[in-house]
1. For labels at E38 and K25 in the simple 7 Å Cα→Cβ model, what's the distance in nm?
2. I'd like the antiparallel share, as a percent to the nearest 5, of DSSP beta bridges with both residues in the chain.
3. What Kirkwood hydrodynamic radius, in Å, does the chain give when the mean of 1/r is taken over all pairs of distinct Cα atoms and then inverted?
4. Give me the count of lysine pairs in the range 3-83 whose alpha carbons sit under 17 angstrom apart, restricted to pairs 8 or more positions apart or on different chains.
5. Pairs of alpha-carbon atoms within less than 8 angstrom and 6+ residues apart define the contacts here; what relative contact order does the range 3-83 have, in percent?
6. Restrict the search to the range 15-88; then list the trypsin sites (Lys or Arg not before Pro) that DSSP places in a loop and that have at most 16 other Cβ atoms within 10 Å of their Cβ.
Amino acid sequence: MKIYFPKADPVVTPNGAIAFSAQVKSTGRIISVEITEEALRAHFGAKSRNPHDLISAFIGGKRRIHKVARRKILLTTTERYLLVAADF
């Protein structure tokens, strides 16, 4: 199963996570993925809960974040995935 990440701006959720989408190439199924503020601060250098800091950390770590998201998506089937600090 091939997973790709459509080019779209990440969104900061009310709980401080960053939300983004993944898509299964063969079926077109859209999958919602979030990475927690804690993970962004612990592993990607977000300095605060400020949306600018969170988005900057996400953009800087996007390659690694997508790699971990892809791995989680391939392991289980659900419509929403949450990436936490322990995933990294």
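Since every read-out is calculated from the coordinates, none of them should be taken as a lab result. Here the structure is a predicted model, which is why all the values come from computation and not from measurement. All Cβ positions, glycine included, derive from the backbone under ideal geometry; neighbour counts span all protein chains shown.
1. Taking the two extended label points, one gets 3.4 nm.
2. Details: 10 of 14 bridges.
Given both bridge residues lie in the chain, the antiparallel proportion sits at roughly 70 percent.
3. So the Kirkwood estimate lands at 12.9 Å.
4. Numbers: K7/K25; K7/K62; K7/K67; K25/K67; K25/K72; K47/K62; K62/K72.
Total qualifying Lys-Lys pairs in the range 3-83 comes to 7.
5. It comes to 28 percent, rounded to a whole number.
6. Details: sites: K25, R29, R41, K47, R49, K62, R63, R64, K67, R70, R71, K72, R80; in loops: K25, R29, K47, R49.
In loop regions of the range 15-88 (DSSP not H, G, I, E or B), the sparsely surrounded trypsin sites (Lys or Arg not before Pro) are K25, R29, K47, R49.
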